[in-house]
Amino acid sequence: MSRRLLSTVATGALLLGLAACGDPNPGAVTTPPPDIGIDAPSDGGGKSSDGGDEPTAEAPDIPPPDPADYEGMDQNTPEGAEQAFRYYIAVSIWAHQTGDDSALERLEGEDCGGCDVLNDDVTPIRENGLYWSELTRFDTGTAIHESSTFDHEIGYVFTLESHKRPNEDFTESILVSDVEYVTIGGMDWEGEVWIVNGMTINWGDDIYEG
């Protein structure tokens, strides 16, 4: 059975007041690497598109997000779920910058369709050597929602500053303007960590849920 999330419209309305309170707070995507089992890329990038072993481009040497910047994400509290979802988004951005999506698999559930939509381009990014450039993430705000299907649903609105990323055909890098994302993460406490088991994501005119 599908596990339904709140609509992005509802989240956007809840967070609109946060945006009006002042300028968005910058959320740095890249921070000094901790010992969290995520290794910075060391193989020089992905394979060539014809399946050979020659790397197409060198992956940027960008350290992974630091859990210490997301205080409480290891705690079974609503605020812990909130911080864990923000961390998940940061790791997703880092995966797009480095081609390393191994950590994402440990942070998301197998049936999280929205997670697949958010990250399904990491593999072609790696294979074609067309990585996202370094950037800054600006947080508009977060909201904790009650949920009948997840332990918590976390609304999170953020903007990625103008940066380079591959075009739709993964043939070249293009410069994109600032991109605002409106997201909801369906968070469940499993073992001793928060797992993203569902996500709605909206950017531009595109809305995905799963």
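The values are calculated or read from the model by the stated rules, or taken from the named source; none is laboratory data. If you're wondering where the values come from, they're calculated on a predicted model, not measured in any experiment. Cβ placement follows ideal geometry from the backbone for every residue including glycine, while neighbour counts extend to all protein chains displayed. Note: accessible area is taken over every heavy atom of the protein model, side chains too, but ligands, DNA and RNA are not part of it. Shrake-Rupley method; radii C 1.70, N 1.55, O 1.52, S 1.80 Å.
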Would you please name the GluC sites (Glu not before Pro) within the stretch 159-202 that are DSSP coil residues with at most 14 other C-beta atoms within 10 Å of their C-beta? Glu168, Glu172, Glu192
Once the dipole of the stretch 72-203 is set up with Lys and Arg at +1 and Asp and Glu at -1 on Cβ about the Cα centre, which of Leu135, Gln75, Thr123 lies farthest towards its positive end? Leu135
So how much slack lies between Glu71 and Asp116, counting 0.36 nm per residue of separation and subtracting their Cα-Cα distance, in nm? 13.6 nm
In what sequence, largest accessible area first, do Arg126, Arg165 appear using a 1.4 Å probe? Arg126, Arg165
Computed lengthening from Leu175 to Asp61, 0.36 nm per intervening residue step minus Cα-Cα distance: 39.0 nm
Per residue, in Å², the accessible surface of the stretch 72-203 once ligands and nucleic acids are set aside, probe 1.4 Å: 40 Å²
Using protein chains only and a probe of 1.4 angstrom, how many square angstrom of Trp189 are accessible, to the nearest 10? 60 Å²
So the carbon and sulfur contribution to the accessible area of the stretch 86-210, 1.4 Å probe, in percent, is 42 percent
